[in-house]
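One structure is given below, encoded as structure tokens.
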Amino acid sequence: MKPYIANCLAAASLLVIAAAGVRGQAGDGGSASADHTAAVAPREQFKVPLAKINIAFDNTRKKYNQVKIYFDESGVYTVIAPGDDMLVKKNGEAVVYKELPQVTYLFSDFEAKTINQVCRTLVATLEEYEVILKNKNWGRALYLDSFFPRFLRGLHTLICAAKDSPEALPQSALVRDEDYDVSLNSPKSDARIKMWQTDKDRIMKLRISAQELIIQTKKWQESELTNAKRNPELSYSGEFDRAFTSFVRNYFGYVP
């Protein structure tokens, strides 16, 4: 074979391999062309301990109907709503936790237990996240960003649904829909991590706010969510609210 032809064939082979690599990066999101994503930086996959939170939204009322929480792949899930709550078992059987209309603004024991479980997954993830930032492991940071924004928005809505109030957490801590994609290969993740790297002191602020949120979450769990003698009429979430808001605003670069 002539050298010129051999070189052309080699170049063509490399192009095919490169194209396959781009398609392979799309993961669960399909091919790069199918989900309209640009080439993104490599992600380092790891087990993310976050609970999965799904929000059912009523487009007519412009308000959430209910929030579903999954803690594993067993098929069991919890439903928290402004009214009655439910635990749905593997076989589809539902245990309903009734709430009187006049006290839907209070955390019921079931709601407190559920939110405590969700907070445990938040703390575990924040501890991992702080190590990621410390070690500048951007591949893991990018992978985590495929899940974290959706969770943070879900947690905000979960607490608001449990207290039957959109003001249960500050609106300034609500993650905007346009700031994330449900995709393992979103360019929005790349842009966000790039913002952390180029914004002066951003990494240090994120580490500090993550550590503070861990502390305040644990205190809230102890004082209210797991306290058998708690008074439902009293709320101890003030410092958690502040720490959560600070973390979200640092994470997404929201201007105060």
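Numerical summary
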item: Residue count, segment 197-221 (criterion: in contact (Cβ under 8 Å) with a residue 24 or more places away in the chain and either polar (S, T, N, Q) or under 15 Å from Tyr129 (Cα atoms) (or both)); result: 16
item: Residue match in segment 200-216 (condition: part of a loop (DSSP other than H, G, I, E, B), of a type outside the set (A, V, I, L, M, F, W, C), farther than 29 Å from Val79 by Cα and at pLDDT below 95); result: yes
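The values are calculated or read from the model by the stated rules, or taken from the named source; none is laboratory data. Only a predicted model underlies this, so the values are computations on that prediction, with no experimental measurement involved. When we count neighbours, we look across all protein chains shown, and the Cβ atoms used for this are built from the backbone with ideal geometry, even at glycine.
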